[in-house]
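Would you mind keeping the following structure in view while I ask a few things?
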């Protein structure tokens, strides 16, 4: 690991252990085993280190997405993949991505730090919202909206559909962060969630049939 990445790794560890506000550049330099002036050759201040940590985490996610044969950054491409992926493949993909977010040490440490520090620093609160609420909902909303427009899913409200999909997944991650022993149950719940989502929004033939039957019941009174 080169010096730049050692700085990011040790800074993230310190942030997650002591809190962002309680860590100084000199602390990070000492942890890395270099002098503060040497650290400034790589980053101009603590904020620059934090920004680079976020960027590094996002790059790691894109690498993981690539191994799972999705893009992770291009909603148009991923929507096309989604349209041609079976339910069983979606479940496998969902579980693999869930396990990545849960167990990747870099991602886990950042989530822990932002979860705690959002209540002490408005900038970190903004970072939390962007990382775990705004960006995921925006991306998944765009992806699911494209699938809806092509007839792959059925809904009158893409925003609510996106919440239906994303919110339970993040809740399951939060549960497992606090109680790791519940991971197996969380994976079972995740699978059930994906299957129910497909039925609810009529991705499967069974779901489409149920929606048609429900419509007949409503119309016939």
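Which one of these does residue 129 not meet: (1) surrounded by 18 or more Cβ atoms within 10 Å (Cβ to Cβ); (2) more than 24 Å from residue 183 (Cβ to Cβ); (3) modelled with pLDDT of 95 or more?
Residue 129 satisfies all of (1) surrounded by 18 or more Cβ atoms within 10 Å (Cβ to Cβ); (2) more than 24 Å from residue 183 (Cβ to Cβ); (3) modelled with pLDDT of 95 or more except (1).
Is there a residue in the stretch 165-185 that is over 22 Å from residue 66 (Cα atoms), assigned to a helix (DSSP H, G or I), in contact (Cβ under 8 Å) with a residue 12 or more places away in the chain and more than 15 Å from the chain's Cα centre (by Cα)?
Looking through the stretch 165-185, at least one residue is over 22 Å from residue 66 (Cα atoms), assigned to a helix (DSSP H, G or I), in contact (Cβ under 8 Å) with a residue 12 or more places away in the chain and more than 15 Å from the chain's Cα centre (by Cα).
Within the bounds of the stretch 186-205, is there any residue that is over 19 Å from residue 100 (Cβ atoms), loosely packed, with under 12 Cβ neighbours inside 10 Å and at pLDDT below 95?
yes
Take the residues in the stretch 16-29 that are in a helix (DSSP H, G or I) and either modelled with pLDDT of 95 or more or in contact with a helix residue (DSSP H, G or I) (Cβ under 7 Å, 6 or more places away or on another chain) (or both); name whichever of them is surrounded by the most Cβ atoms within 10 Å (Cβ to Cβ). Lay out the reasoning, then the answer.
So the first thing to find is which residues in the stretch 16-29 are in a helix (DSSP H, G or I), and the list is 16-18, 20-22, 25-29.
With either modelled with pLDDT of 95 or more or in contact with a helix residue (DSSP H, G or I) (Cβ under 7 Å, 6 or more places away or on another chain) (or both) added as a condition, the list becomes 16, 20, 25-29.
Numbers: 16: 20, 20: 21, 25: 18, 26: 11, 27: 16, 28: 24, 29: 19.
Ranking the candidates gives 28 first.
Please verify whether residue 152 is in contact with a helix residue (DSSP H, G or I) (Cβ under 6 Å, 6 or more places away or on another chain), assigned by TED's automatic domain parsing to the domain that holds residue 190 and part of a loop (DSSP other than H, G, I, E, B), treating the condition exactly as stated.
Working: in contact with a helix residue (DSSP H, G or I) (Cβ under 6 Å, 6 or more places away or on another chain): yes; assigned by TED's automatic domain parsing to the domain that holds residue 190: yes; part of a loop (DSSP other than H, G, I, E, B): yes.
It is true that residue 152 is in contact with a helix residue (DSSP H, G or I) (Cβ under 6 Å, 6 or more places away or on another chain), assigned by TED's automatic domain parsing to the domain that holds residue 190 and part of a loop (DSSP other than H, G, I, E, B).
Could you tell me which residue of the stretch 108-126 is surrounded by the fewest Cβ atoms within 10 Å (Cβ to Cβ), considering only residues that are touching a helix residue (DSSP H, G or I) at 6+ places or on another chain (Cβ under 6 Å) and part of a helix (DSSP H, G or I)?
Looking at residues that are touching a helix residue (DSSP H, G or I) at 6+ places or on another chain (Cβ under 6 Å) and part of a helix (DSSP H, G or I), I get 112.
The values are calculated or read from the model by the stated rules, or taken from the named source; none is laboratory data. This one's a predicted model, so the numbers in the text were calculated from it and none came from an experiment. When we count neighbours, we look across all protein chains shown, and the Cβ atoms used for this are built from the backbone with ideal geometry, even at glycine.
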